[in-house]
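Trainee: Dropping the structure in here first, questions after.
Values in this text are rule-based calculations from the coordinates and carry no lab data. Bear in mind that the values here come from a model prediction, so they are computed numbers and not experimental data. When we count neighbours, we look across all protein chains shown, and the Cβ atoms used for this are built from the backbone with ideal geometry, even at glycine.
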Amino acid sequence: MIRYVRGRRRCTLLEIRRVDGEVYRCTDHDRTLTFEGEQYRPIILGEMSAERREGGLRSGNQEASGTIDGETVTFAAMEGNKFLGAEVRQIVCEWPTPWVVTARHRKWIRKVVRTGSTWTATLEGRTLQLQQPKAGRFGGTFQPKCPYRLGDRLTCKKDISEWTLMAADHVGTSTASNYLALQETGAGWTPDEWEGFTVLTYGGGTGSGQERVIVGNTTDTLAIYDPWETLPVACDFKIGLGPSVLTVERQKFEVAFDPSEFTGIHPDDFSRDGTVAWTTGANAGSQQAIASFRVSDRRIVLLTPTPYVIEAGDRAIVRVGCDGLIGACKDKFANVLNFGGDPFSPSPQNLMEPPDEG
């Protein structure tokens, strides 16, 4: 008869979902485990550190380490920062009976360090977002620049779908939806035809301005990865991977997109401070800030280089940007009511100036 020591039969399962949709399942146990129909392999995950918790809503970090096996986790993926921002679903269970779950957590990879053929990732929980200083109606410290993310439905509240360049492969109108699906009656799609694509609701109706990754579809229903914040009821939507690169002007820094795939063109540098999010090619899953945008030839200069070489035909979703100042909020987006900064707060230079005579 085999005796198990209760404290020694606990193990950790990790489901790692990268921002480009790739999924890895691993465990710190010494053999493959099956949990909820999926297999978790011990190849790439060596060990997990103890979870450090602090009082209140403060969240401590946790570290995971493992090996770069060259097949599941590659040096190229590490060098290209493919795992940064990946969502990690953590399950703590007992390996003889993996259906006995002790805890479930949801974390994100904020840093990855490679040392030789091993890697160490820092995992941070959702409560980290609550530690960020916020001004305006959410309290915290005030600053001249707005701290809100452009298009955030809770803070910024601006619908930016009309300025998100999708190069739509399909345009339709939703006839029904739930928090993880969107339906178009009579669409006639091939099953899983849109897996990996992005769906964007637009048109200004209920639920407009939401962007989600599609994980699969039936003949008339799209399944999305993250739930809708507001159900898109009778809302127009686009499915696409973004416009494609026509020419590469300066490798990793400057590209010209196909003009025929751009719609709703705005003045030069209107998309400055926005992002180019690559959906195909070697750079899929990464994104870079836009330093400048020229309308005449759809030429975009990136603020930072791409991890890998850009090829003609690579596709990317181009999103508009905001510099966080009151001028852009008022004149560019007409959204000054939701501005989160304080344009009247004195700068450090003002605080150091001596008083005027008089």
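Trainee: What number comes out for the charge environment of residue 329, summing +1 per Lys or Arg and -1 per Asp or Glu over other residues with Cβ under 12 Å away?
Mentor: Once positives and negatives cancel, what remains is +3.
Trainee: Another one. For a quick check: with amide H placed at 1.01 Å from N, whose amide H comes under 5 Å from residue 35's, ignoring anything fewer than 5 positions away on the same chain?
Mentor: Under 5 Å from the amide H of residue 35: 40.
Trainee: Once you put a point 7 Å from the Cα of residue 117 and another 7 Å from the Cα of residue 63, both along the Cβ direction, what distance in nm separates them?
Mentor: The two pseudo-label positions are separated by 2.1 nm.
Trainee: Expected output is a single nm value to one decimal: the length gained when fully extending between residue 157 and residue 206, i.e. 0.36 nm times separation in residues minus the C-alpha distance. What is it?
Mentor: Contour length minus the Cα-Cα distance gives 16.4 nm.
Trainee: Pop a pseudo-label 7 angstrom from the Cα along the beta-carbon direction at both residue 312 and residue 230 and give the gap in nm to one decimal.
Mentor: Here the answer is 4.3 nm between the modelled labels.
Trainee: Residue 146's amide H: which non-local residues (gap 5+, or another chain) put their own amide H closer than 5 Å, with H modeled 1.01 Å from N in plane and none for Pro or chain starts?
Mentor: 325, 341
Trainee: Please find the FRET efficiency linking residue 250 to residue 102, where r is the Cβ-Cβ separation and R0 is fixed at 56 Å, and quote it to the nearest 0.05.
Mentor: 0.60
Trainee: Would you grab the residues whose amide H sits under 5 Å from the one on residue 244? Only those 5+ places off in sequence or on another chain, please, with H modelled 1.01 Å from N.
Mentor: Correct list: 258.
Trainee: Shifting gears a bit: How far apart, in nm, are two points set 7 Å out from the Cα along the Cα-to-Cβ line at residue 39 and at residue 92?
Mentor: About 2.8 nm separates the two model spin labels.
Trainee: From the phi of every residue in the range 213-230, what ³J(HN,Hα) in whole Hz does the Karplus formula 6.51 cos²θ - 1.76 cosθ + 1.60 yield, where θ is phi - 60° and glycine or proline is x?
Mentor: 8, 8, 9, x, 7, 9, 5, 9, 10, 9, 9, 10, 6, 9, x, 5, 7, 9
Trainee: Please report, in debye to the nearest 20, how large the charge dipole of the range 281-332 is about its Cα centre when each Lys and Arg carries +1 at its beta carbon and each Asp and Glu carries -1 there.
Mentor: In total the dipole reaches around 160 debye.
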